Amino acid sequence: MAAGRFREDLFFRLGAFPVRLPPLRERPVDVLLLAQHLLDGLRRRLGMPELALPEEAARILEGHHWPGNVREPGNVLERAAILAGGGTIGAWHVELGGAPGLAPG
């Protein structure tokens, strides 16, 4: 509002109508959509020509409980993208709760 990008009257109207968005752990169908969105942003921000998420890594992400909600997959995927150096993010690049996904094989 202070920067002039959001109208003050709309802000107060939104406060009168609560919008409940369940945490990510209650919306497992959204995990891969969010992951792709985050990877697109990371690719642009880190200057990587490609960031692919193969099925094995995607299954690890889908199976996680995500106690950190939406911020956690952002951190997990950023670390994985850096470890992968761009290109394909392997399951072994995905670390959840401090434990790597799978060993390369």
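A few points about this structure:
- Residue satisfying condition, being of a type in the set (Asp, Glu) and under 21 Å from residue 93 (Cα atoms), within set 78, 8: 78
- Test result for residue 86, of a type in the set (Gly, Ala, Ser), over 11 Å from the mean Cα position of the chain (by Cα) and either at positive phi or modelled with pLDDT of 95 or more (or both): yes
- Residues that are of a type outside the set (D, E, K, R), surrounded by fewer than 18 Cβ atoms within 10 Å (Cβ to Cβ) and touching an Asp or Glu at 6+ places or on another chain (Cβ under 8 Å) number at least 1 in the following helices (runs of 4 or more DSSP H) confined to segment 24-105: 31-46.
- Only a single item in (1) closer than 30 Å to residue 1 by Cα; (2) free of Cβ contacts under 8 Å to residues at least 24 places away in the same chain; (3) assigned to a helix (DSSP H, G or I); (4) not charged (D, E, K, R) is not met by residue 17, and it is number (3).
- Looking across segment 24-73, just one residue is basic (Lys, Arg) and in contact with a His (Cβ under 9 Å, 6 or more places away or on another chain), and that is 25.
- Filter result for residue 9 (exposed (fewer than 10 other Cβ atoms within 10 Å of the Cβ), in a helix (DSSP H, G or I) and of a type outside the set (S, T, N, Q)): yes
The values are calculated or read from the model by the stated rules, or taken from the named source; none is laboratory data. Model, not experiment: these values are computed from the prediction. Cβ atoms come from the backbone with ideal geometry, glycine included; neighbour counts cover every protein chain shown.
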